[in-house]
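Take a look at the structure set out below.
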Amino acid sequence: MVRTKYSQELDVFIAGLTPTKVAGRPFSAIEVAQEIDGKLVPLGTVGTGFSLEEMQEIARLHEANPGGVKIKVRSQGFTESGKLWHARFLEFC
């Protein structure tokens, strides 16, 4: 087992929300993307770090402004394929 600390913080856009079958939850994970040269580049998903209240607020904001909601995430870095590695939600930007 390798223990590491969350080391990178990024401001990313919510690109989508993955579906869930769990009653009372609006989504399973947040699909995030980063703006590079004017284009949104997918970075993977964030599935932890938020409370149920924050989940509801994320879903509400994303529904009102798809692709325009910015959040801050903390990650252990990137995988070889350029996706976030063990990312977690921190706060709204």
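The numbers here are math on the coordinates, done by the rules we state, and not lab data. Please read these numbers as outputs of a predicted model, since none were measured by experiment. Cβ placement follows ideal geometry from the backbone for every residue including glycine, while neighbour counts extend to all protein chains displayed.
Restricting to DSSP loop positions (anything but H, G, I, E, B) with no more than 12 other Cβ atoms inside 10 Å of their own Cβ, which trypsin sites (Lys or Arg not before Pro) remain in the chain? When the trypsin sites (Lys or Arg not before Pro) of the chain are filtered for loop state and at most 12 Cβ neighbours within 10 Å, 3, 5, 21 remain.
Need the full-extension length gain, residue 51 to residue 64, defined as separation in residues times 0.36 nm minus the C-alpha distance. One decimal, nm.
2.7 nm
A helix-only calculation puts the chain at -4500 deg cm²/dmol for mean residue ellipticity at 222 nm, using -39500 (n - 2.57) for each DSSP H run of at least four residues, averaged over all residues.
Mind putting a number on the dipole of the chain about its Cα centre? Charges go on the C-beta only, +1 for Lys and Arg and -1 for Asp and Glu, and I need it in Debye to the nearest 20. List each step's numbers first, then the result.
Numbers: 11 positive and 11 negative charges, 67 e Å.
Here the size comes out at about 320 debye.
If the convex hull of the alpha-carbon atoms of the chain is projected onto planes in all directions, what is the mean projected area in square nanometres?
On the way: hull surface 27.3 nm².
Its Cα hull, projected and averaged over all orientations, spans 6.8 nm².
Summary value for region 8-92: 33 percent relative contact order, contacts being C-alpha pairs under 8 angstrom separated by 6+ residues. For the chain, the list of GluC sites (Glu not before Pro) that fall in a loop by DSSP and count at most 14 other C-beta atoms within 10 angstrom reads 80.
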